[in-house]
Amino acid sequence: MSQIGVVSDIHGNLPALEAVLNSLEKSRVERIFCCGDIVGYGPWPGLCVRRIREANPLCVQGNHDAAACARLPFDHFTPSAQLVIKWTTAHISNKETIYLKELPAIHTEDNLVMVHGSLRGPLWEYISDRWVATENFSLFNRPLALFGHSHIQGGFVSLEGKVDLLRPTKEPLKLAPEAKYLINPGSVGQPRDGDPRAAYAVVDLLNREVHFKRISYDINMIKKRILREGLPRDLGDRLSLGR
Ligand code: ZN
């Protein structure tokens, strides 16, 4: 397995997911990895679970996935997130609920590990600064960890005891053999880094490169659907801003 597609934080946004998976299928990645949060916020939770299953990814459970199948209490979610989780629970089938329930918290293989939030707190911790990243680097002994949850594309590198922030660039990121990496592909369905386009990544394990990718999709389509389903308007508005 050399080229893998990495997606995360889809959040029930079907047009964004379709755009990303179509692009990954065209670029012939061998496997898809999904860092969780297939549902929550967006109006197509069931269709997103089905579309993801068709792509047959290696997938871990996100906090919204866990809440939608009653494996996590709602208390820590914002009021609008809680509202959509309740709506999601009522709008997914038994089969889809079981799929979300059975997702593991951590996936590990020879050269990588994958979680939703962090190694220390797979469902709840955000790796959003160098200090939290440093603590998490000490918890895995693979060259690469994939994570999501923050909806911010990029990650962190640990080299000779020093941890630095990685921002996505147009040029592929070259992975140094002596370093360890935490890589976030960004959010497919609700980016929060100021770029409204759907985010994902392609990791070339053979050539040791990470390609951070963005792709446009029909944001108006999801904004209209959010209103038609009676979900909070701000969940559509934030998609136009990428915040
Ligand atoms: Zn998320």
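The values are calculated or read from the model by the stated rules, or taken from the named source; none is laboratory data. This structure is a prediction, so every number in the text was calculated from the model and none was measured. Here Cβ is always computed from backbone atoms with ideal geometry, including for glycine, and neighbour counts include all displayed protein chains. When the accessible area is computed, the model is the full protein with side chains, heavy atoms only, and any ligands, DNA or RNA have been set aside. Shrake-Rupley method; radii C 1.70, N 1.55, O 1.52, S 1.80 Å.
Out of the residues in the stretch 141-195 meeting the condition of being among the charged types (D, E, K, R) and part of a strand (DSSP E or B), tell me which one is surrounded by the most Cβ atoms within 10 Å (Cβ to Cβ).
First, the residues of the stretch 141-195 that are among the charged types (D, E, K, R): 142, 160, 162, 164, 167, 170-171, 174, 178, 180, 192-193, 195.
Filter once more, keeping what is part of a strand (DSSP E or B): 162, 164, 174, 180.
Values: LYS162: 10, ASP164: 12, LYS174: 10, LYS180: 19.
Checked the stretch 141-195; the qualifying residue surrounded by the most Cβ atoms within 10 Å (Cβ to Cβ) is LYS180.
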**Prompt:** Which of the residues belonging to the stretch 72-90 are over 19 Å from TRP124 (Cα atoms) and either in a loop (DSSP other than H, G, I, E, B) or touching a helix residue (DSSP H, G or I) at 6+ places or on another chain (Cβ under 6 Å) (or both)?
**Reply:** THR88, THR89
**Asked** Any idea how many residues of the stretch 7-26 are modelled with pLDDT of 95 or more, open to solvent by 10 Å² or more (accessible area, probe 1.4 Å) and not hydroxyl-bearing (Ser, Thr, Tyr)?
**Response** 5
**Criterion violated by HIS107 - all others in (1) within 14 Å of the ligand (Cβ to nearest atom); (2) in a strand (DSSP E or B) satisfied** = (1)
**Message:** Considering only residues that are at pLDDT 95 or above and open to solvent by 80 Å² or more (accessible area, probe 1.4 Å), which ones fall in the stretch 107-123?
**Reply:** ARG120
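Per-residue answers, yes or no, for (1) open to solvent by 10 Å² or more (accessible area, probe 1.4 Å); (2) of a type in the set (Gly, Ala, Ser):
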{"residue": "ARG28", "(1), (2)": "yes, no"}
{"residue": "ASP37", "(1), (2)": "no, no"}
{"residue": "CYS48", "(1), (2)": "no, no"}
{"residue": "ARG71", "(1), (2)": "yes, no"}
{"residue": "ASP75", "(1), (2)": "yes, no"}
{"residue": "THR78", "(1), (2)": "yes, no"}
{"residue": "VAL84", "(1), (2)": "no, no"}
{"residue": "ALA105", "(1), (2)": "yes, yes"}
**Complete:** When the stretch 196-243 is checked residue by residue, the ones that are crowded, with 16+ Cβ neighbours inside 10 Å, touching a Pro at 6+ places or on another chain (Cβ under 8 Å) and over 30 Å from LYS174 (Cβ atoms) are ILE219, ILE222, ARG225, ILE226, LEU231, LEU239
